[in-house]
Amino acid sequence: MTLPVHRNELMARCSDAGISTRRGIMAAHLEPAGSQYATAALPNTELLSTRSIILPIFHEMTEADLDRVVEVIAKAAR
């Protein structure tokens with residue numbers, strides 16, 4: 001799903017709502033520790049590394065927690 005806001009903007013909106021998120025797919029060859037191993041461009045990995053997000057999911061998550069996450073994403077999608 002593509003939203004009309006950038007991943008970082010969605011993460012900021014989640015943070016403002018008290019929802020913790022993290023960057024999603026990480027391109028190891030673009031991270032400082034792995035940059036010395038970069039031998040070729042990986043365009044799909046690089047694209048996903050700038051657009052993916054890890055949403056909260058945990059054992060004690062309630063329906064109210066889930067509804068809050070969905071509400072923030074739905075607002076961003078409009």
Of the residues that make up segment 58-71, is at least one among the charged types (D, E, K, R), modelled with pLDDT under 95 and surrounded by 11 or more Cβ atoms within 10 Å (Cβ to Cβ)?
no
Of everything in segment 1-57, what is modelled with pLDDT under 85 and closer than 24 Å to Arg78 by Cβ? Give them in sequence order.
Met1, Thr2
Tell me, please, whether a residue that is touching a residue at least 60 places away in the same chain (Cβ under 8 Å), open to solvent by 50 Å² or more (accessible area, probe 1.4 Å), outside any loop (DSSP other than H, G, I, E, B) and touching a helix residue (DSSP H, G or I) at 6+ places or on another chain (Cβ under 7 Å) can be found in segment 4-27.
yes
I'd like to know if segment 30-37 contains one or more residues that are part of a helix (DSSP H, G or I) and touching a residue at least 60 places away in the same chain (Cβ under 8 Å).
no
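The values are calculated or read from the model by the stated rules, or taken from the named source; none is laboratory data. Here the structure is a predicted model, which is why all the values come from computation and not from measurement. Positions of Cβ are backbone-derived with ideal geometry, glycine not excepted, and every protein chain shown enters the neighbour counts. The protein model used for the area step is the full one, side chains on, heavy atoms only, and it has no ligands, DNA or RNA in it. Shrake-Rupley method; radii C 1.70, N 1.55, O 1.52, S 1.80 Å.
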